[in-house]
Amino acid sequence: MNLPIAKYGDPVLRLKGRRVEKMDDRIRELAADMLETMHAANGVGLAAQQVGEALLLTVLDVLQTEDRPSTLRLNGREIELLAAMPLILLNPTIALDRETDIGTEGCLSFPEITAEIERSVAVNVQAETLEGNPIEIEATGLLARALQHEVDHLNGILFIDRMSSVAKASLQSRLKRLRKETLRGEKQNPARASQINL
Ligand code: ZN
């Protein structure tokens, strides 16, 4: 089922996710719905908060883009990126590499807004699968960036919190308008397919 995506201004985006203790049918169905919703919205990642659930659950499906290639090691083994997609991760924790770079990000909860965000170039994520098995992901490139963006969502942190103050100031009126539209329940344009939406 394609779920409505929570937009900036919806308080659920600021909630910290609860741990998922039991991988039951409800969680499996939610994960499947999140994948469908992310794909329909041309997203690369989606966190449970973005569909109104404050849970430590995220889905990702990075496309292999020429300009922003990713690498992935799964449980210590180098793996073909596309073969491992989509990823469904529960209760993730993330360790960040000290080296950072700046890249353009969009967010499905912020239609038509993009920003340059500084993130670590590599991450190590420990999580659980839908089957309840532990999984370790070492990623670089777009996947590393997407994982940081999604784990932020799970902690109630939004990409506007990571923008430079100058960038945020320049977006202030658009953010205000978006917030107002969300609070009034107005329908917004979908995110642009041409940008990287996380
Ligand atoms: Zn996002």
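The values are calculated or read from the model by the stated rules, or taken from the named source; none is laboratory data. Note that the structure is predicted; figures quoted are calculated from it, not measured. For neighbour counting, all protein chains shown are included, and Cβ atoms are generated from backbone atoms with ideal geometry for every residue, glycine included. Ligands, DNA and RNA are stripped out before the accessible areas are found, and what is left, the full protein with its side chains, is counted by its heavy atoms. Shrake-Rupley method; radii C 1.70, N 1.55, O 1.52, S 1.80 Å.
So, with a 1.4 angstrom probe, what is the percent of accessible area on the chain that is carbon and sulfur? The computed percentage sits at 49. Here S70 sits with roughly 10 square angstrom of accessible surface, probe radius 1.4 Å. Applying a length cut-off of 30 Å (Cα extent along the axis) and a mean Kyte-Doolittle floor of -0.5 to the DSSP H helices of the chain leaves no helix. Taking amide hydrogens as placed 1.01 Å from N in the peptide plane, the amide H of S164 sits under 5 Å from that of no residue at least 5 positions away in sequence or on another chain. Applying a DSSP loop filter and a limit of 13 other Cβ atoms within 10 Å to the GluC sites (Glu not before Pro) in the range 118-198 leaves E131, E186.
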